[in-house]
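Engineer: What follows is a single structure, and I will ask about it in a moment.
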Amino acid sequence: MPSVREVTILLVEDDPGHARLIEKNLRRSNIKNEIVAVSDGQQALDYLFGAGDYAGSGRASPLLVLLDLNLPVLDGYQVLQRMKADERTQRIPVIVLTTTDDAREVSRCYELGCSVYVTKPVDYVQFSEAICNLGLFLSVVTIPNGE
């Protein structure tokens, strides 16, 4: 039986306040996993594919991605599309975490291969509760190793 390895969470969020709030509330939900935060889509792909600032460093495995859609350089749709088109990253679970709740955008993300779509509430208290609930969800999910 293969051993279970700690999952690293790649948080792709351009709003520093949202990123801090997400990490804080995941920690409140007793998520102790390493969280790697990047602030744009290109940085996310560089991390995933060991390019740019991450060249030669090798990415963590297994991995889970929390992905905002509205990002600079490359948006979340582009990141998701590139991840799911490449055999090295296509099995990495992606949770879209964004303020967009348009049904067409939700459908588009699932068509591109996201695992879960979560709408970030605008209200601070509801946002915090949603992330705590996400943390509880993540604490019981089994992630494929991806190797």
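Engineer: Among the residues of region 82-97, are any within 21 Å of S139 (Cα to Cα), within 12 Å of the chain's Cα centre (by Cα), crowded, with 18+ Cβ neighbours inside 10 Å and touching a residue at least 60 places away in the same chain (Cβ under 8 Å)? Lay out the reasoning, then the answer.
Structural biologist: Step one: list which residues in region 82-97 are within 21 Å of S139 (Cα to Cα), which gives 91-97.
Filter again for within 12 Å of the chain's Cα centre (by Cα), leaving 92-97.
From what's left, crowded, with 18+ Cβ neighbours inside 10 Å: 92-97.
Applying the additional criterion that residues be touching a residue at least 60 places away in the same chain (Cβ under 8 Å) yields 97.
Yes - at least one qualifying residue is present in region 82-97.
Engineer: Does S139 satisfy the criteria of being surrounded by fewer than 18 Cβ atoms within 10 Å (Cβ to Cβ), modelled with pLDDT of 90 or more and under 17 Å from L11 (Cβ atoms)? Full working, then the answer.
Structural biologist: Working: surrounded by fewer than 18 Cβ atoms within 10 Å (Cβ to Cβ): yes; modelled with pLDDT of 90 or more: no; under 17 Å from L11 (Cβ atoms): yes.
In short, no.
Engineer: For residues that are at pLDDT 90 or above and more than 16 Å from the chain's Cα centre (by Cα), tally how many sit in region 98-113.
Structural biologist: Residues meeting the conditions: 7.
Engineer: With R82, R108 as the choices, which residue is under 12 Å from L48 (Cα atoms) and touching a Phe, Trp or Tyr at 6+ places or on another chain (Cβ under 9 Å)? Lay out the reasoning, then the answer.
Structural biologist: Values: R108 fails: under 12 Å from L48 (Cα atoms).
None of the other options fit; the residue is R82.
Engineer: Examine region 55-69 for a residue that is on the phi > 0 side of the Ramachandran plot and at pLDDT 95 or above, and state whether such a residue exists.
Structural biologist: no
Engineer: Determine whether region 114-133 contains at least one residue that is farther than 19 Å from N25 by Cα and either over 15 Å from the mean Cα position of the chain (by Cα) or not polar (S, T, N, Q) (or both). Write out each step before concluding.
Structural biologist: As a first pass, look at region 114-133 and keep what is farther than 19 Å from N25 by Cα: 114-115.
Among the residues that remain, those that are also either over 15 Å from the mean Cα position of the chain (by Cα) or not polar (S, T, N, Q) (or both) are: 114.
Yes: one or more hits.
Engineer: Can you tell which of D53, D40 is among the charged types (D, E, K, R) and under 14 Å from the mean Cα position of the chain (by Cα)?
Structural biologist: On the way: D53 fails: under 14 Å from the mean Cα position of the chain (by Cα).
Exactly one of D53, D40 is among the charged types (D, E, K, R) and under 14 Å from the mean Cα position of the chain (by Cα), namely D40.
The values are calculated or read from the model by the stated rules, or taken from the named source; none is laboratory data. Values in this document were obtained by computation on a predicted structure and should not be read as measured data. Using ideal geometry, Cβ is built from the backbone for each residue, glycine included, and neighbour counts are taken over all protein chains shown.
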